[in-house]
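Reading through the structure tokens given below for one structure.
The values are calculated or read from the model by the stated rules, or taken from the named source; none is laboratory data. What you see is a predicted model, and the numbers here were worked out from it, not measured in a lab. We place every Cβ from the backbone using ideal geometry, glycine too, and count neighbours over all the protein chains shown.
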Amino acid sequence: MSEPLSTPPSVNRPCVSAVMPVYNEAATVADVVRTVLDQRCVAELIIVDDASSDGTWDKLQSLGLDPRVKTFRHQFNQGKGAALRTGISHATSEIVLIQDADLEYDPGEYPVLIQPILVNRADVVFGSRFMGSGAHRVLYYWHYVGNRFLTTLSNMATNLNLSDMETCYKVFRREIIQSIRIQEDRFGFEPEITAKVARAGVRIYEVPVSYYGRTYAEGKKIIWQDGVRALVCIFKYNFT
């Protein structure tokens, strides 16, 4: 994992609600939970199991969870956006950060992600995989092309200049994200929330993050239909 950049001491105070949607991540969830809880800025970790069928829920219950952990479980699978909707509604800290339940992103970079909010320069922060010098696993070319295409269309619609609209790492002042009605149940959450924070006129920053991508054999879940839905969402939430 990469070393976090130098940040003010204030990033070490507990101020973050990390919200983690989980679906069939029994192989990685324990490691992610431990790594998130190792971050001194984490006041609570809210885990929403989206009706996993691979023993993820049992794995979570066997961890001897830290008192900072809150767990919720959907009775049937609804999607990442639905899990985030549940988790965000239970957040109580001043900053809400979205964390996937795999090992593609490094929680050690939380200080870099929250710094613009703590110094009152930003209200929302996106962690970009396409800027800076962090480590990046070399994987699927067409995923990269699709991501840049969707980001470009989103930028044209929102008049933002983001480099990575589809990033997992999105960080919000709690009052902002809890004031937004999340409608998308699956990966359409990413263009939806981007459109809605752009429309809200809040201050948005990007910071560089590392990326340790997975193959489909290793558990990657996003599929081409999610790209099509993202296109629909860009138009739906910006022009309707």
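Assorted remarks:
- Region 76-129: number of residues that are of a type outside the set (Phe, Trp, Tyr), touching a residue at least 60 places away in the same chain (Cβ under 8 Å) and assigned to a helix (DSSP H, G or I): 19
- Of the numbered criteria (1) surrounded by fewer than 21 Cβ atoms within 10 Å (Cβ to Cβ); (2) β-branched (Val, Ile, Thr); (3) assigned to a helix (DSSP H, G or I); (4) at pLDDT 95 or above, the one VAL145 fails is (4).
- Unmet requirement for LYS70, which otherwise passes all of (1) of a type in the set (Lys, Arg); (2) assigned to a strand (DSSP E or B); (3) under 20 Å from ILE176 (Cβ atoms): (3)
- Condition check for ALA30 on (1) over 24 Å from VAL207 (Cβ atoms); (2) assigned to a loop (DSSP other than H, G, I, E, B): one failure, at (2).
- Among the residues of region 194-232, those that are in a helix (DSSP H, G or I) and modelled with pLDDT of 95 or more comprise THR194, ALA195, LYS196, VAL197, ALA198, ARG199, ALA200.
- Residue check, ILE193 free of Cβ contacts under 8 Å to residues at least 40 places away in the same chain, closer than 17 Å to ALA122 by Cα and buried (at least 22 other Cβ atoms within 10 Å of the Cβ): yes
- The residues listed here are VAL11, VAL36; of these, the one that is modelled with pLDDT under 95, part of a helix (DSSP H, G or I), touching a Pro at 6+ places or on another chain (Cβ under 8 Å) and not charged (D, E, K, R) is VAL11.
- Filtered by the rule that a residue be more than 15 Å from ASP185 (Cα to Cα), in contact with a Phe, Trp or Tyr (Cβ under 8 Å, 6 or more places away or on another chain) and surrounded by 15 or more Cβ atoms within 10 Å (Cβ to Cβ), region 74-97 gives ILE95, VAL96, LEU97.
- Among the residues of region 52-67, those that are touching a helix residue (DSSP H, G or I) at 6+ places or on another chain (Cβ under 8 Å) and assigned to a helix (DSSP H, G or I) comprise THR56, LYS59, LEU60.
- Yes/no for VAL138 being aliphatic (A, V, I, L, M), modelled with pLDDT under 90, assigned to a loop (DSSP other than H, G, I, E, B) and more than 27 Å from ASP38 (Cβ to Cβ): yes
So that you can scan it fast, the table gives a plain yes or no per residue for (1) more than 30 Å from ARG229 (Cβ to Cβ); (2) among the hydrophobic types (A, V, I, L, M, F, W, C); (3) at pLDDT 90 or above:
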residue: ALA30; (1), (2), (3): yes, yes, yes
residue: CYS41; (1), (2), (3): yes, yes, yes
residue: ASP66; (1), (2), (3): yes, no, no
residue: PHE76; (1), (2), (3): no, yes, yes
